[in-house]
Amino acid sequence: MSLRPQILPLLGALVLGALAWLAMRPTPAPAAWLTVEAPQTATADRPLTLRVTPTAKTPPGMLLKADLHWTTTHDEHRGVLSGAPAQSVTGPTAPLVFSLAVPARPELGSVRAVIFAGPTARWDDRVAAATSDPIKIVTAAELPTSDAALRPLPVFDQRPDPAVLRQDSRWLQVFITLIWVAAGVFCWRQRTPSRSAPPVGEVAESSRWLPVIGCLLAAVWEILPMETLIGGFARDHFVAQRWYGGRASLQLALTSVLAAAAFWLSLKIWRHAADRARRLTWLGLGLYATLSLTSLLSLHEVDVWLAKPILSASLLQLGQLATAALALIGCASPR
């Protein structure tokens, strides 16, 4: 048997996953309102010097505040490590020098500068903020004397993602739930063998109930705001474990994997389903699960598209309605 029919869908899924990762990856914008110079490396228990030069885009009289945020050797973000007193901007070419402590921490791997400007030294009053590339932490023995020299440090605008407000219709949510219930009823009727039907094996008997269970689970997922409930629990867990700051990379990776898996699974269903009815049923279930899990992962760049309002519903809800209708057609079709 040729391996080509089995390898090509897998390769297509990998390519799609890579393209999804590239398309969804956020591209940071270089900060144009300041330049920063710093040593190439830093050492624990030794101060780190930053030279910050505001440009003409930063009006005089603004206060500049510099903090250090740290990351473990396993790339886990740990938040603020230290800070320096705010300094006033006197002109577009007048450099400001900040000396920031680097206290020792277990698994301290790197630090990055977070600099913000505002009328006060409070983070909530900032009008601009920037974050730098990471500065690696080395031991005193590994620190060459040349690393004390200040070099240009790339900095990028730190702009909070705007809140994504999704306009979901409660009536449409109930309607989608009813469609899934109806699909489950049709699947149950279609897969209940008649008295005259010959006996079947345990595997075939159990496979009759899989679409029924899938449709009923989809109905429960839809009527209960499972994405909100599970998403809120996951958010609280990430915050408690101090993983929330680095969640975007995990969201991006999982969303890309989900896109590749959905493509591969759709091809498998289309090629191997026994008939048109089963093909439509499983495609509807698979695509609904893909949309729901993508929404649950809540990658900001994807949420923006899923929340686009169309009439009185979101694009996500209309997609879920279409997949539920697809499964209902499959369940109701004769076999």
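The values are calculated or read from the model by the stated rules, or taken from the named source; none is laboratory data. Keep in mind that what you see is a predicted model, and the values were worked out from it rather than measured. Heads up, the Cβs are rebuilt from the backbone with ideal geometry, glycines too, and the neighbour counts pull from every protein chain shown.
Structure above, values below:
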{"quantity": "Output for region 250-304, where each listed residue is over 21 Å from Ala234 (Cβ atoms) and aromatic (Phe, Trp, Tyr)", "calculated": "Phe263, Trp264, Trp270, Trp282"}
{"quantity": "Candidate set from region 281-323 (those that are hydroxyl-bearing (Ser, Thr, Tyr), touching a Gly at 6+ places or on another chain (Cβ under 8 Å) and touching a residue at least 60 places away in the same chain (Cβ under 8 Å)); member that is surrounded by the fewest Cβ atoms within 10 Å (Cβ to Cβ)", "calculated": "Ser298"}
{"quantity": "Positions within region 173-221 being at pLDDT below 70 and closer than 19 Å to Ala277 by Cα, in sequence order", "calculated": "Arg191, Thr192, Pro193, Ser194, Ala204, Glu205, Ser206, Ser207"}
{"quantity": "Close pairs (7 angstrom Cβ cut-off, 6 or more residues apart or separate chains): under 25 Å from Thr73 (Cβ atoms) in region 119-148, modelled with pLDDT of 75 or more and surrounded by fewer than 14 Cβ atoms within 10 Å (Cβ to Cβ) anywhere", "calculated": "Ser132/Pro154; Asp133/Pro154"}
{"quantity": "Helices (runs of 4 or more DSSP H) lying entirely in region 237-335 (those with 2 or more residues that are of a type in the set (Gly, Ala, Ser) and modelled with pLDDT under 80)", "calculated": "247-272"}
{"quantity": "Residue in region 160-172 that is at pLDDT 85 or above and closer than 19 Å to Arg51 by Cα present", "calculated": "no"}
{"quantity": "Set Ala113, Ala86, Ala94: member being part of a strand (DSSP E or B), touching a residue at least 24 places away in the same chain (Cβ under 8 Å), under 16 Å from Met62 (Cα atoms) and not basic (Lys, Arg)", "calculated": "Ala86"}
{"quantity": "Among the candidates Arg51, Arg46, residue that is under 20 Å from Val102 (Cβ atoms), out of contact with any Ser or Thr (no Cβ under 9 Å at 6 or more places or on another chain) and among the basic types (Lys, Arg)", "calculated": "Arg46"}
{"quantity": "Flag if Thr49 is surrounded by 13 or more Cβ atoms within 10 Å (Cβ to Cβ) and either among the polar types (S, T, N, Q) or at pLDDT below 90 (or both)", "calculated": "yes"}
